[in-house]
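What follows is a set of notes on a single structure, which appears directly below.
Read-outs: derived from the displayed coordinates by stated rules, not from any lab. Keep in mind the model is a prediction, meaning the values are calculated, not measured. Glycine gets a Cβ as well: all are built from the backbone with ideal geometry, and neighbour counts include every protein chain shown.
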Amino acid sequence: MLYGCYQFRCRFADEAILPFYKGSTFRGVFGHALKRVVCVLKQQECETCPLKARCIYAIVFETPVAIEMPEGARISNPPHPFVMEPPLTEKREYEKEEPFGCTLLLFGGVNNNLPHFVYAFDQMGKIGIGKKVKGRRARFRLEEVRNKAAVLYSAKDQQLKQNNAFEELKLSGADVLNDGKTRAVKRIKVTLETPLRLKFKNRLNSAELPFHVLVRAMLRRISSLFNTWDDGEPCLDYQGLVRRAEEVGVVKNSLSWFDWQRYSNRHERKMLMGGMVGSIVYEGRLGEFLPLLNICSKVHLGKNTSFGLGKIIMRVTA
């Protein structure tokens, strides 16, 4: 699966007040700006739009409406092909001319539409973001877009370089079983950088994360992404992986539950978006699970990933 990680560097043109967790705010304005940029039939609902299968806004933000899953696919609700990683800071007030950054992750062929996303981000700055100050939301300037390798766009020349710096995420049974350098791993620490929302047995877990629950969630995430945005479901021993994950124990649990709210324009009400944060240490035969953890540390995990939720970091400790 093609994977792009793009860092947007910006600077406020006005004083700004942002919420404690900024993912919902950035995602909401980004969607509004992208629709303004690419939508042809402005008054048409995406669900009934004859262009929805070719419209990058519908594909990215109204994915279940625009993407028709192949017959026999186990994925009934295809995942969005992006994650918006907001600034991970508790800071809420920003001065005029203060810099900030956020990261956009893209999956699959939508990486080829990077120019649309760069232009939409530029338009976000003109629309404004955050709480209104002196009657308007804070505007900002997009100064630079880069990936790990190079600067892809600079406001100085307003030229977007050809984007061929994709990473390809691969996973197969051979990757899981034959990664020799990780087979002997016996202890890992998993840190939840942003709230992780996982459902197990039809309820949200609260500050408890048995390893098999984590593995089930990773397999769901990987399966749905590869089914929708790559060539199909990876050939993995799903039942065996879950069964062996049940043998892995928890050495130290430092997780806690974090509640936050977002306002949904679609539902016209505030919504609770709580999840687990903190860290947890697992011990057992962990080597075969590291490829799953490595991929999920890049694509996020759990519910509401497009808001930036479910960002995990894995570190081998023994």
Which pairs in the list Lys96/Lys126; Lys252/Lys303; Lys22/Lys96; Lys22/Lys132; Lys22/Lys52; Lys91/Lys156 are over 21 Å apart, alpha-carbon to alpha-carbon?
Lys252/Lys303; Lys22/Lys52; Lys91/Lys156
Most fluctuating residue of Glu193, Glu85, Glu97 in a GNM of the chain with Cα springs under 10 Å: which is it?
Glu97
With charges only on Cβ, +1 for K and R and -1 for D and E, what is the dipole size of the stretch 2-167 about its Cα centre, in debye, rounded to 20?
500 debye
Most fluctuating residue given options Lys298, Lys52, Lys132, as computed from a GNM of the chain linking Cα atoms under 10 Å
Lys132
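Taking only complete DSSP H runs, can you tell me which helices of the chain stretch 15 Å or more along their own long axis by Cα positions and average at least -0.5 on the Kyte-Doolittle scale?
23-38, 114-127, 211-229
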Ignoring everything except DSSP H segments at least 4 long, calculate the 222 nm mean residue ellipticity for the chain; use -39,500 (n - 2.57) per segment, divide by total residues, nearest 500.
-7500 deg cm²/dmol
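Work out, step by step, the length gained on full extension between Glu93 and Ala165: first 0.36 nm times the residue separation, then minus their alpha carbon distance; give nm to one decimal.
22.5 nm
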Taking N as its residue count, the alpha carbon Rg of the chain over 2.2 N^0.38 Å:
1.03
Expected sort for 27-37, 302-312 on mean C-beta neighbours within 10 Å, highest first, is 302-312, 27-37
How large is the Kirkwood hydrodynamic radius of the stretch 2-167, counting all unique pairs of alpha carbons, in Å?
16.9 Å
Which ³J(HN,Hα) values in Hz, rounded to whole numbers, follow from the phi angles of the stretch 139-156 under the Karplus curve 6.51 cos²θ - 1.76 cosθ + 1.60, where θ = phi - 60° and Gly and Pro get x?
7, 8, 10, 7, 9, 6, 10, 9, 10, 5, 8, 6, 7, 9, 8, 10, 5, 5
Please turn the phi angles of the stretch 272-284 into ³J(HN,Hα) values with the Karplus equation 6.51 cos²θ - 1.76 cosθ + 1.60 (θ = phi - 60°), one per residue in order, whole Hz, x for glycine and proline.
6, 10, x, x, 7, 9, x, 9, 8, 10, 10, 9, x
Residue among Ala207, Phe82, Pro19 farthest towards the positive dipole end of the chain, charges placed on Cβ:
Pro19
Would you kindly derive the ³J(HN,Hα) couplings of the stretch 104-113 from the backbone phi angles with the Karplus curve 6.51 cos²θ - 1.76 cosθ + 1.60 (θ = phi - 60°), listing them in order in whole Hz, with x for Gly and Pro?
10, 9, 10, 10, x, x, 5, 4, 6, 9
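Quick one: dipole size for the chain, taken about the Cα centre, charges +1 on Lys/Arg Cβ and -1 on Asp/Glu Cβ, in debye to the nearest 20.
860 debye
How charged is the neighbourhood of Phe211? Take every other residue with its Cβ under 14 Å from the Cβ of Phe211, and add Lys/Arg as +1 and Asp/Glu as -1.
Local net charge: +3.
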Listed residues Gly109, Gly240, Gly130, most fluctuating in the chain (Gaussian network, C-alpha, under 10 Å)
Gly240
